[in-house]
1. When all alpha-carbon pairs of the stretch 177-312 are counted, what percent fall beyond 17 Å?
2. For helix 331-341, report the angle its Cα long axis makes with the longest principal axis of the Cα atoms of the chain; keep it between 0 and 90° and round to the nearest 10°.
3. In sequence order, what are the phi-derived ³J(HN,Hα) couplings for the stretch 106-122 according to the Karplus relation 6.51 cos²θ - 1.76 cosθ + 1.60 with θ = phi - 60°, rounded to whole Hz, with x for glycine and proline?
4. Ordered by residue, what ³J(HN,Hα) values in Hz, to whole numbers, does the stretch 256-273 give under the Karplus form 6.51 cos²θ - 1.76 cosθ + 1.60, where θ = phi - 60° and Gly and Pro are x?
5. Just to be sure I understand the model, the point goes 7 Å from the Cα along the line to the Cβ. What's the resulting Q214 to V413 distance in nm?
6. Working only with C-alpha atoms, what are the Rg and Dmax values of the stretch 173-248, expressed in angstrom?
7. Non-local amide H neighbours of V80 (under 5 Å, H modeled in plane, Pro and chain starts lacking H): which ones?
8. For a quick check: sort M340, M161 by the number of other beta carbons within 10 angstrom, fewest at the front.
Amino acid sequence: MPKLNPFRPGSVVSPGMFVGRIEEIEVVEQSLLQARDGNPQHFIIEGERGIGKSSLCLWVDYLAKGDTTYDGKNRLSFVVVNIELHAAMGYDDIVDAILGELKRQISTRDSLLENCKKAWEFLSRFQISGIKYDRPQPVATNSRRLDELTDVLVNLIEESMGAIEGVLILIDEADRPPSDAHLGQLCKLLTERLSRRRCERVCIGLSGLPDLMQKLRESHESSLRIFNILELKPLEFGERMRVIDTGIEQANKSSGTEIEILEDAKRLIANLSEGYPHFLQEFAHCSFATDSDNIISVSDVLQGTFNEHGALNQLGRKYFADLYIDQIGSEDYRRVLIAMADHMDDWVGRQTIINNSGVKESIVNNALSALRERKIILSNPRARGEYRLPTRSFAVWIKARETQKKAEPALSVGDTASVINVLAEQNGPIER
């Protein structure tokens, strides 16, 4: 009987598998409770790719709808407008997406259909203008569309007769549209309009990559002031271990076979991931798939991570092939990136890169110029001659790839101890 692999790289983590983010969850809970009581506090979830933003958004969706409790016994009752943005969307497209999802949510609740006559009257006539995000952007944003959205939200809250406690507008991938889509302006003006109408039970949550901050600022210079900003960091070591334990527990509930993971194997997965949830899921998934005796060992983890179609190569194809392989034809340029990866995503000086890379100074200079031009590295605007990798996860992957290359002779003969030694030389001892 095939085993159900509980680890899901590339997918959002269900609330039942969600671990960590205690501080961020507490802030979001307070934002929703404040909105319920008429004092909305909006929030932004930001962080690099693979850090778990979409999984946290899904958990917030469950919390706001009341599918899970916020204090162990009490539940919220919000209408959740959960949308995902796309790169070519403009201002009107974003408003239409909110209205379209609001219409869908209301249509599933008989109590709202019965009581919220004004809101439903407009939404029942509303037609989404197709999934074609290429209409020209207006010079000024369309205030009529914003007025319509404001009216619908006000009417929904006023007429709901206590059937709902508020509305959460949850926007994932908010960094994708350009700044001239005016998402920042939309959020700022919508909150001001709602406040003037004394409609204070609407909360806005955005989620996106770090450049979302700059796009919002360019859209409206004061738009960031309305948000609490939650920057997601890598999971702590204990949280990584709990993710693995939770997955194994779920697998054992779903199959008739008892599956075990050895402590050293679990610690190795936790260390390899460096706390990135997607990396953790990928390493755990491949280790689970490699196991053949229902006992996941260090050997299973190493094979699942470093073999030809293993976790490391999967991560490279999904995240970093463009940055590290497709755009770079020179091995010397890669050696520059390898030297920078030793400093993770911290700033590192040109001379240090020359010394550590073993590449000629003239080639390093050319590499830094080309890599910066291609946006593969960033230059420090405050310190001349300093550079860094764009994300810590990129550095983690580069270091793991170098580990793979150095460990290949030992891997080919199954010498687990030698591979562990290479890992320790490259990344330090396994955390315990």
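Please treat every number below as a calculation from the coordinates, not as lab data. As the structure is a prediction and not an experimental result, all values here were calculated from the model. Positions of Cβ are generated from backbone atoms using ideal geometry, with glycine treated the same way; all protein chains shown enter the neighbour counts.
1. For the stretch 177-312, the share of Cα pairs beyond 17 Å comes to 67 percent.
2. Approximately 70 degrees, to the nearest 10.
3. The phi angles translate into 5, 5, 8, 10, 4, 5, 6, 4, 6, 9, 8, 5, 5, 4, 6, 4, 6 Hz.
4. Ordered by residue, 3J(HN,Hα) equals x, 9, 7, 10, 10, 10, 5, 4, 5, 5, 5, 5, 5, 4, 4, 6, 4, 6 Hz.
5. 5.0 nm
6. Values for the stretch 173-248 (Cα only, Rg and Dmax): 16.8, 52 Å.
7. L168
8. Neighbour counts put them in this order, fewest first: M161, M340.
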